[in-house]
Amino acid sequence: MATTTEPPGRSPADDGDLAELEAGLDALESFSTPRISLLTRLRRSVLPPAVAVLLFLGIWQLVWALHVKADWLLPSPAETWREAAGSWSQWDVGTAVFNSVYRGLSGFAVAMLIGTPIGLTVWRFRVVRTSLGPILSGLQNLPSVAWVPIGILWFGISPATIYMVVLVGAVPSIAIGVVSGLDQVPPLYLQVGRNLGARGFSAARYILLSAAAPGYLAGLKQGWAFAWRSLMAAELIAVAPQLGPGLGQLLEQGRNNTDAGQSFTAILLIFLAGIGINALIFAPLERRILRDRGLTGRRA
């Protein structure tokens, strides 16, 4: 009578473990992120910042009510809002917002085109990292306002001065972000890409930058923050009629006119423009990167 025997080294316990493993893999393949209703998404994304803004306004109103500073030095939130509404009706303020945002975005775009290849070069060649890495770190830590006098000496009070300050402020941050993102890419990815024929520019575009996308995006966000702050520093100092109005110039005018309301209005516009660019450009990119990597559930 024939008898069934288990293969050597195989036991019923092993079959059970294999079945559990297959079930786990099937569960991973069938996993899908649960859909979140629009109301829930609005509540999660709008309610927390709304509460934070209300808390800030409440503290501001309390400090104003305690008369810590004279009203002309520290206006109330309502007075600042009236000042902002009145200023916005003037064409110069709208032009100032447009000019500053245009300068910031165009300067940042050029900084990205310069900083990305620099970051790739620093990451790829050890001798370049050794020699150029400390310089990039030093430039990133150097206040951008320090470059404004040099820019004025070189280019005079002109758009070239403003863009020079923006580039010096943003390029090091973008390059360092590229290096940081690439350092986190497993070497196996590049080896697999080479086996598949991806070399040179193709490997950099389709493998390195793709795998380093989260770190690269973080560097871009930091680069934008440095570009925006550098722009405001340049506009505060490099003021001339031929440059046209800017938010930094509006802030400086408030100081010259001893008008705290105008200064607070300029600060509010600078703040809103900065977070607006982040919400319109960087936040969607971050959501797409997280979604492509199946990480959106962590933000739920």
What ranking of W154, W228, W81 emerges when the number of other C-beta atoms within 10 Å of each C-beta is taken as an exposure proxy, fewest first? W154, W81, W228
Quick one: Karplus J couplings for segment 260-275, per residue in order, coefficients 6.51, -1.76, 1.60, θ = phi - 60°, nearest Hz, x for Gly and Pro? 5, x, 5, 5, 5, 4, 4, 4, 4, 5, 4, 5, 5, 5, x, 6
Sorting I281, I174 on the 10 Å Cβ count, fewest up front, what's the list? I281, I174
Grab every C-alpha pair in segment 76-299, bin the distances at 5 angstrom width from 0 up to the longest one, and report whole percents. 1, 7, 13, 15, 15, 14, 11, 9, 7, 4, 2, 1, 0, 0
In whole angstrom, how far apart do the alpha carbon centroids of segment 44-64 and segment 201-277 sit? 24
P(r) for segment 80-189, please, calculated from all Cα pair distances in 10 Å bins and given in %. 13, 32, 27, 17, 8, 2
With no solvent and one equal point scatterer placed on each C-alpha of segment 140-219, evaluate the Debye formula and give log10 I(q)/I(0) for q = 0.14, 0.17 Å⁻¹, two decimals. -0.60, -0.71
Quick P(r) readout (segment 160-289; Cα-Cα; 5 Å bins; whole %) gives 2, 10, 14, 15, 15, 12, 10, 7, 6, 4, 3, 1, 1, 0
Cβ-based exposure ranking for V148, V101, V63, in which fewest neighbours within 10 Å come first: V63, V101, V148
When each pair of different Cα atoms in segment 202-241 is counted once in the 1/r mean, what is the Kirkwood radius in angstroms, to one decimal? 12.2
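None of the figures in this text is laboratory data; all of them are computed from the coordinates on show. These numbers come from a predicted model, not from an experiment. Here Cβ is always computed from backbone atoms with ideal geometry, including for glycine, and neighbour counts include all displayed protein chains.
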